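Heads up, the thing below is written out as structure tokens.
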2 protein chains.
Amino acid sequence: MSSHGVMANKDPIKIGELTLGDYLRDANIHSTLIGKSEASPNHKALARLGIGDDTKIGRLVAQDGFEFYEDFAGLYPDPVLPSHLGYNDYLRAKGFAGDNPWELYANSAIDRSGRHVSGWQMRHADKPAIIPEEHSETAFVTNRALEFLDTVSHDQSWCIHLSYIKPHWPYLAPAPYHAVYSEDQVVPAVRHECERQNPHPVYGAFMQQEYSQNFSREEVRRRVIPTYMGLIKQIDDHLGRVFEFLESKQLMHNTMVVFTADHGDYLGDHWLGEKDLFHEPSVRIPLILYDPSSGADATRGTTNDEPVEAIDIVPTLVDYVGGTQNHERMEGRSLLPLIRGTGSVSDWREYVVSEIDYSERGPRTLLNLHPYQCRAYMIRTADWKYVLYEGFRPQLFDLKNDPEEYRDLGADPAFESERRDLHELLFNWIRQRRMRTEIPTDLLFEMGPERDAELGILIGQW
Amino acid sequence: MSSHGVMANKDPIKIGELTLGDYLRDANIHSTLIGKSEASPNHKALARLGIGDDTKIGRLVAQDGFEFYEDFAGLYPDPVLPSHLGYNDYLRAKGFAGDNPWELYANSAIDRSGRHVSGWQMRHADKPAIIPEEHSETAFVTNRALEFLDTVSHDQSWCIHLSYIKPHWPYLAPAPYHAVYSEDQVVPAVRHECERQNPHPVYGAFMQQEYSQNFSREEVRRRVIPTYMGLIKQIDDHLGRVFEFLESKQLMHNTMVVFTADHGDYLGDHWLGEKDLFHEPSVRIPLILYDPSSGADATRGTTNDEPVEAIDIVPTLVDYVGGTQNHERMEGRSLLPLIRGTGSVSDWREYVVSEIDYSERGPRTLLNLHPYQCRAYMIRTADWKYVLYEGFRPQLFDLKNDPEEYRDLGADPAFESERRDLHELLFNWIRQRRMRTEIPTDLLFEMGPERDAELGILIGQW
């Protein structure tokens, strides 16, 4: 985040930043988005450079280096409804009329008294969406992916970013997924009464948000979580369709699949809703890699506990296609050595880091902060998690003895040396980020006084 | 440096970065370079964005936002000689023939035995350059500035970056400036024998460079420094021409002048040559501001000891022309309140910071470092200077009791708490740099749950 500068939805990416789409394009592979993206055009930068928004390059830049086959964010109440939204066109063609069938049918339900009710109200999460499953968001995005995959030729490499919005607000699932799971299957929340006693100020402010207050009630969890689980099951089923399709096209033997998410969801854990802070339910996201190469057979079906980060995905995919690892920019590390058992991974990684900017969230006003104060950084080693908040004391969790992260040791005098070490590690991390991005790393090795002298620049000779 | 990523000569600037030229252009003011620039075209970024190097925008980007009236770096031995170099064309027109009259005449001399000798050899620094003063680099660049200024109309705002290369390698001055100062006027070097006893490893490696070894000899200082002083006197005289010209054009009453340099020069201080490290002779550069406004009369002719940084110059000039202070990008602070005595400056600044990347310097190979290890940061408060080196112990100087910076307290157990405080201050600084550059700061105040709710995004309602 600190490197690319995109800290929230709708932040345009810096125009000189490269994305997965750019790196793969350099390896002659087109990257296609099907589904949700938060890419936001950097109109100012484009205008300054004289690049029209409607040119091929202008579109690519505005789309974070991806070609958009179906851009479907799935978060369109009436005031932000785009004039052309593929999914709404699709729904209208299927007979779901109105300005915004996404909201009216895919994310609304009918209650017992026959009233049309909104999925934005969590109390309705147990009802099926009005839309039949085959026309739901997850099905639509999958259909579009299969349509796209049907067009790719066997002699052509490709990459799709198949990006599902659900499970997500509004928490509503189409039948039968609204009822695949029951309240009895909801596991207890990971939370402890002690967390509410004198919490860290930022944590406390997040606890006061409406979503947190509501998810702190068992009634809400029991209403929402079965549907949330159903929406995951629906993804599972539709990914099954994708894999079957790839099988039928003889593409599974040479297609890498990466399954992951951009964040977890508290759903009441730690007395929170949403996704902002750094407890495991929020930051520990799924990552499943399918590498068809025989080199990966030895680790197939296994799990790996090495700490990895989302930023490892780009170098992994670039590595898979034999592209150039751009060391002056990329901060992640290819995971192929881990899954193929090749190369030395003995020095894998000591820690992982996560960052937030919560200036667009409720706690900013609640705590009366300037937006630039709304930053926090998590560093997590095997045994410890340390969170640095600008302007507030840190948090510290002993993951070995308190894996549930109930006891915040951030102000406990007994743990000053642990905090100091992790604080220092974080400082080290922030200095290691790539800043000198425009000079190839290899070139730096060639520079120096010898090279200067070859060029006739004879500094310091008597 | 960490923000814009330009860490050495010839590093292309990131294509989305804005410079003084860009900010002033937004205020409808053209910025013109006359003299030395290290702007280096970011060919890769331009190509990726489909911007031709020869287009107007391509040139502006390649020229760091400036229009080049005369690009004259003054560092062109034969192997790096550009095919068209205005100064060489000028010299040839004046009868100084050859492929590279810059090297042959402006930076060469004739010794007693009539031999043509190179200014790159410091032993020749006492000889006058072959070129007559009126055709020397400093005179030529000044002439070009006056030619440009003659074309500006009174109803038009403008900015020139008048950038002299000299004093600089090769240390050679045209007559009479080679002899304005004598060996007797060379002040003693700021250095102490104790500095050579077990020095910091990076400092020690810089001491071993040829330029440092040579400048550690009095013979070299006495040969070079009078000429160096003469080259400064020459600048002084030619700036006098510029100011007289501005007076004659009735432009001095509404032209702001900023006189500064990009680095100092050790010239033997601390047993070093060149400019790389953080002692005062290297980092403490001149800064003279002339603000013609009557608001600045109260401070006219005075000096101000507040700590300022080179990054303050852009916001100062933008402030002067009434342009927009771009808070999401600019890290410096306008100096106008200091010189006009307006606004509160009670919270001016607690520290200043300087950075180096020495991966292109001799010590990289001497210390067997990876280029990314060759980073160091200085933080200086009123009383202390602390230098953090990647991979090495820090340096610490007590400026109150040791203003000459002879005693490095970086490993002294008695000063652990001072080091820790300054280390922490540096960590704070690095986190305060602008990272979220693409969203106007003001806009962040408008965002939040209330705005989301207005848009119909009803997160967390029961």
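Some values worked out for this structure:
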| read-out | value |
| --- | --- |
| All positions within segment B:87-105 that are surrounded by fewer than 22 Cβ atoms within 10 Å (Cβ to Cβ), within 14 Å of another protein chain (Cβ to nearest Cβ) and assigned to a helix (DSSP H, G or I) | B:E103, B:L104 |
| Residue within segment B:68-77 that is within 14 Å of chain A (Cβ to nearest Cβ), hydrophobic (A, V, I, L, M, F, W, C) and assigned to a helix (DSSP H, G or I) present | no |
| Segment A:370-390: number of residues that are closer than 21 Å to A:E309 by Cβ and either in a strand (DSSP E or B) or open to solvent by less than 10 Å² (accessible area, probe 1.4 Å) (or both) | 12 |
| Number of positions in segment B:226-235 that are within 18 Å of the chain's Cα centre (by Cα) and open to solvent by 10 Å² or more (accessible area, probe 1.4 Å) | 3 |
| Residue count for segment A:397-426, restricted to those that are more than 18 Å from A:P281 (Cα to Cα), without any contact (Cβ under 8 Å) to a residue 24 or more places away in the chain, more than 14 Å from chain B (Cβ to nearest Cβ) and acidic (D, E) | 1 |
| Segment B:427-462: number of residues that are at the interface with chain A (Cβ under 8 Å from one of its Cβ atoms) and not in a loop (DSSP other than H, G, I, E, B) | 9 |
| Residues within segment A:172-195 that are touching a helix residue (DSSP H, G or I) at 6+ places or on another chain (Cβ under 8 Å) and surrounded by 14 or more Cβ atoms within 10 Å (Cβ to Cβ), tallied | 14 |
| Checking B:P199 against (1) away from chain A (no Cβ under 12 Å); (2) in contact with a helix residue (DSSP H, G or I) (Cβ under 9 Å, 6 or more places away or on another chain); (3) surrounded by 20 or more Cβ atoms within 10 Å (Cβ to Cβ), the condition it does not meet | (3) |
| Verdict on A:Y23 being at pLDDT below 95, open to solvent by less than 70 Å² (accessible area, probe 1.4 Å) and within 12 Å of chain B (Cβ to nearest Cβ) | no |
| Qualifying residue in segment B:49-59 (condition: away from chain A (no Cβ under 14 Å) and not in a loop (DSSP other than H, G, I, E, B)) | no |
| Residues that are open to solvent by 30 Å² or more (accessible area, probe 1.4 Å), under 14 Å from A:T138 (Cβ atoms) and part of a strand (DSSP E or B), drawn from segment A:149-168 | A:L162 |
| Answer from B:P449, B:P394 - the residue that is under 21 Å from B:H192 (Cβ atoms) and either free of Cβ contacts under 8 Å to residues at least 40 places away in the same chain or not charged (D, E, K, R) (or both) | B:P394 |
| Residues of segment B:312-350 that turn out to be farther than 19 Å from B:A27 by Cα and of a type in the set (A, V, I, L, M), as a count | 3 |
| Test for B:V314: is it within 16 Å of the chain's Cα centre (by Cα) and either in contact (Cβ under 8 Å) with a residue 60 or more places away in the chain or more than 30 Å from B:S212 (Cα to Cα) (or both) | yes |
| Filtered residue count, segment B:106-137, keeping only those that are surrounded by fewer than 24 Cβ atoms within 10 Å (Cβ to Cβ) and more than 28 Å from B:Q213 (Cβ to Cβ) | 6 |
| Output for segment A:379-391, where each listed residue is within 14 Å of chain B (Cβ to nearest Cβ) and of a type outside the set (S, T, Y) | A:I379, A:V387, A:L388, A:E390, A:G391 |
| Flag if A:A145 is modelled with pLDDT of 95 or more, surrounded by 19 or more Cβ atoms within 10 Å (Cβ to Cβ) and assigned to a strand (DSSP E or B) | no |
| Per-region count, segment A:385-405, residues within 23 Å of the chain's Cα centre (by Cα) and among the aromatic types (F, W, Y) | 2 |
| Count of segment B:63-79 residues which are crowded, with 21+ Cβ neighbours inside 10 Å and free of Cβ contacts under 8 Å to residues at least 60 places away in the same chain | 2 |
| Residues satisfying the stated conditions in segment B:206-259, i.e. more than 29 Å from B:Y389 (Cβ to Cβ) and not in a helix (DSSP H, G or I) | B:K249, B:Q250, B:L251, B:T255, B:M256, B:V257, B:V258, B:F259 |
| Residue in segment B:397-409 that is surrounded by fewer than 16 Cβ atoms within 10 Å (Cβ to Cβ), of a type in the set (A, V, I, L, M), in contact with a Lys or Arg (Cβ under 7 Å, 6 or more places away or on another chain) and assigned to a loop (DSSP other than H, G, I, E, B) present | yes |
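Results for (1) modelled with pLDDT under 95; (2) crowded, with 16+ Cβ neighbours inside 10 Å; (3) within 14 Å of chain B (Cβ to nearest Cβ), shown as yes or no for each residue.
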| site | (1), (2), (3) |
| --- | --- |
| A:P170 | no, yes, yes |
| A:N214 | no, yes, yes |
| A:E219 | no, no, yes |
| A:V224 | no, yes, yes |
| A:E244 | no, no, no |
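The values are calculated or read from the model by the stated rules, or taken from the named source; none is laboratory data. Every value quoted in this text rests on a predicted model; they were computed, and no experiment measured them. Cβ coordinates were reconstructed from backbone atoms using ideal geometry, including for glycine residues, and neighbour counts include every protein chain displayed. Accessible surface is based on the protein model in full, side chains and every heavy atom, while ligands, DNA and RNA are left aside. Shrake-Rupley method; radii C 1.70, N 1.55, O 1.52, S 1.80 Å.
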